Amino acid sequence: MSVHRRSRLGEQLRRELSLKIRNLVRDPEVGPLAVTGVEVSSDLWFARVYVEPHGSADEQTRTLAALARAAPFLRSVLGRELHIRRMPELRFERDTSIEAGQRIEAILREVLPPDEGREEPDAPEEDSPAIESPEAGDGEP
């Protein structure tokens, strides 16, 4: 399967899983979460589902365990609705990209000098002359 088709399938799975987890999964240990992405393997056997669970570390662990228990149910529901030849096995993983981005920003703040002396590039200079258009209505051709 081409990369483009796999990415489209991954995006469709992400949207559908977000809805199905919110509306159909009744496990009380599944706390609030966001499905941030889905990577489908080239042979369609597996789909790695990235989620961002909210709450403490213990609640996040319980949410991931509950999602692993609900994976066969979600797979069967999606298989009936999406009508694809092979519905991949769902594997839920915690998305750490937000934390990685925050770590990179913290490192950059330490390394780069403060922005106190820098000017805004979009701010107009006060001493620059105003440009008048010839259509201002002064009557000259």
The range 77-99, residues that are more than 12 Å from residue 49 (Cα to Cα) and among the basic types (Lys, Arg) = 80, 85, 86
ask   = Got a number for residues in the range 77-108 being farther than 27 Å from residue 30 by Cα and under 20 Å from the mean Cα position of the chain (by Cα)?
value = 3
query = Which of the residues belonging to the range 47-63 are hydrophobic (A, V, I, L, M, F, W, C), modelled with pLDDT of 95 or more and either open to solvent by 60 Å² or more (accessible area, probe 1.4 Å) or touching a Pro at 6+ places or on another chain (Cβ under 8 Å) (or both)?
reply = 47
query = Which is of a type outside the set (A, V, I, L, M, F, W, C) and touching a Ser or Thr at 6+ places or on another chain (Cβ under 9 Å), of 29, 89, 105?
reply = 29
ask   = If you go through the range 9-42, how many residues are open to solvent by 30 Å² or more (accessible area, probe 1.4 Å), touching a strand residue (DSSP E or B) at 6+ places or on another chain (Cβ under 8 Å) and in a loop (DSSP other than H, G, I, E, B)?
value = 2
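The values are calculated or read from the model by the stated rules, or taken from the named source; none is laboratory data. Note that the coordinates shown come from a computational prediction; the quantities given were computed from them, not determined experimentally. A quick note on method: Cβ atoms are made from the backbone with ideal geometry, for glycine too, and the neighbour counts reach across all protein chains shown. Surface areas here come from the heavy atoms of the whole protein model, side chains and all, with no ligands, DNA or RNA. Shrake-Rupley method; radii C 1.70, N 1.55, O 1.52, S 1.80 Å.
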